[in-house]
Each structure stands twice: as C-alpha cells, then as structure tokens.
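The values are calculated or read from the model by the stated rules, or taken from the named source; none is laboratory data. Worth saying up front: this structure is predicted, and the values here are computed from it rather than measured. Note that we place each Cβ from the backbone using ideal geometry, even for glycine, and neighbour counts take in every protein chain shown.
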Amino acid sequence: MSTGIGETDFMIAVAGGAGINCANRLMERKLNRSWFMAVDTDVSALARCAAFRKITVNSRETGADFEQRVSPLLGHRRRLFVIAGLGGEAGSSFALWLAEYGSRRQMSVECFVFLPFLFEGARNQRADETLEKLEPIVYRLHVFKNDDLRNRNLNAMTMTQVFDVLHDAVFCRLAPCLEQGG
C-alpha cells in the first residue's frame, strides 16, 4: 500500500457536501486522514472536513485549471477512490473531473456515489447524466440510492441516522480495497 514515507498508492478524493460528510464519517472509523483529499466550492464545508488535503474550487474554474491543482496531489498514485453525492454542482462536476483525470492517467478509478432523493427534482436528472458519463471511464461504480436506503425499514430513523448507515456501507465496501491492494 505504501510507496514512501506517509504516502500510499491510492487517494480517496471526496467532492461536494455529501462526499465531505462521508469522509468525516470514514475518518471516525479510523481511516487515515492523510489518505483523503476534499474538493468543494464551499469554504465552510471544507473547514468542517478532517481531510488532510483540501481544495477550494471556484465555480467558474475550468477542468484544466482544476487538474493543474489536483495533479501534484495525486502524482504517481495508481488508484483513485472518488466519493460524491451526484445531482449538486460540486459533487457531480468534481467527481466527473476526478474520474476523467484518473482514467486518462491509467489509474484504477473506483467511484462511490449517492443519488438524490426523488423529491429533489432537477438534481435527479443531473445525477443521471453524470452517472452515464462515469460508467464507461471507471473501473468500478458503487451507486447508493438515498430513497432505497430510506425505504428499507429505516422509516423510523432520522436523516442523520440514515446517512450514518449509508456511510457505514461505503466503509464496508472501501476498507477491503485498501487492505487488499484494490
């Protein structure tokens, strides 16, 4: 797993608010904060994130600008795990940019994405469009549907508890990849 002092052959990149929330939960489960890079347009959301590396992105920034800032952080890594909620601007845009970047550099890219609730309207169309673009470029795509989770005997739970279950599911899928080398 390690390629040098404090370095690994992978990075866990989280994008947008949902990705940041998941990252914080994963770090509570003892995943090393140095493995994480958080990307968002919201400075206050990044301030609440425990990730070691944080990138504030301007919403007018181009993909090339974004890649120029991400490239030194990803460097020689062979694997990229992307975690994001799809449907919002930050999660959808940056998850796709990260996946495209990793794919062009022959990294093994694995995405963990959360789809919006049906009541979120237009976010669903954006999420579907992003999923269509991700599917052909990633090694593995883990899709978590918020509505499915909410409907599975979890109706008595608060939204915080529902998202805790969701983040635990991500941990259960991600941890073995880190332990076994992908």
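Do you know which residues across segment 1-35 are assigned to a strand (DSSP E or B) and at pLDDT 90 or above? Give the derivation first.
Taking segment 1-35 first, the residues assigned to a strand (DSSP E or B) are 2-4, 7-8, 10-15.
Across segment 1-35, the qualifying residues are PHE10, MET11, ILE12, ALA13, VAL14, ALA15.
Yes or no: segment 68-79 includes at least one residue that is at pLDDT 90 or above, closer than 26 Å to VAL162 by Cβ and under 15 Å from the mean Cα position of the chain (by Cα).
No: zero hits.
Considering (1) loosely packed, with under 15 Cβ neighbours inside 10 Å; (2) within 19 Å of the chain's Cα centre (by Cα), say which one ALA127 fails and leave the rest.
Going through the list (1) loosely packed, with under 15 Cβ neighbours inside 10 Å; (2) within 19 Å of the chain's Cα centre (by Cα), ALA127 breaks only (1).
Mind checking which residues of segment 36-56 are in a strand (DSSP E or B) and among the polar types (S, T, N, Q)?
Pass one, segment 36-56, residues in a strand (DSSP E or B): 36-40, 53-56.
THR56, the sole residue that qualifies.
Taking segment 51-67, which residues are modelled with pLDDT of 85 or more and surrounded by fewer than 20 Cβ atoms within 10 Å (Cβ to Cβ)? Please lay out each step first, then the result.
As a first pass, look at segment 51-67 and keep what is modelled with pLDDT of 85 or more: 51-57.
Scanning segment 51-67 gives PHE52, ARG53, LYS54, ILE55, THR56.
Out of curiosity, is ARG60 farther than 22 Å from ARG126 by Cα, outside any helix (DSSP H, G or I) and over 13 Å from the mean Cα position of the chain (by Cα)? Break it down into steps so the answer makes sense when it comes.
Numbers: farther than 22 Å from ARG126 by Cα: no; outside any helix (DSSP H, G or I): yes; over 13 Å from the mean Cα position of the chain (by Cα): yes.
The answer is no for ARG60.
Does ARG33 fit the bill of being among the basic types (Lys, Arg) and over 19 Å from CYS177 (Cα atoms)?
Values: among the basic types (Lys, Arg): yes; over 19 Å from CYS177 (Cα atoms): no.
No.
Name the one entry in LEU178, LEU174, LEU154, LEU149 that is surrounded by 13 or more Cβ atoms within 10 Å (Cβ to Cβ), modelled with pLDDT of 80 or more and not aromatic (Phe, Trp, Tyr).
Details: LEU178 fails: modelled with pLDDT of 80 or more; LEU154 fails: modelled with pLDDT of 80 or more; LEU149 fails: modelled with pLDDT of 80 or more.
The conditions single out LEU174.
Taking strands (runs of 3 or more DSSP E) that fall entirely within segment 66-182, which contain at least 1 residues that are touching a Ser or Thr at 6+ places or on another chain (Cβ under 8 Å) and touching a residue at least 24 places away in the same chain (Cβ under 8 Å)?
Working: elements: 79-85, 108-115, 140-145.
It comes to 79-85, 108-115.
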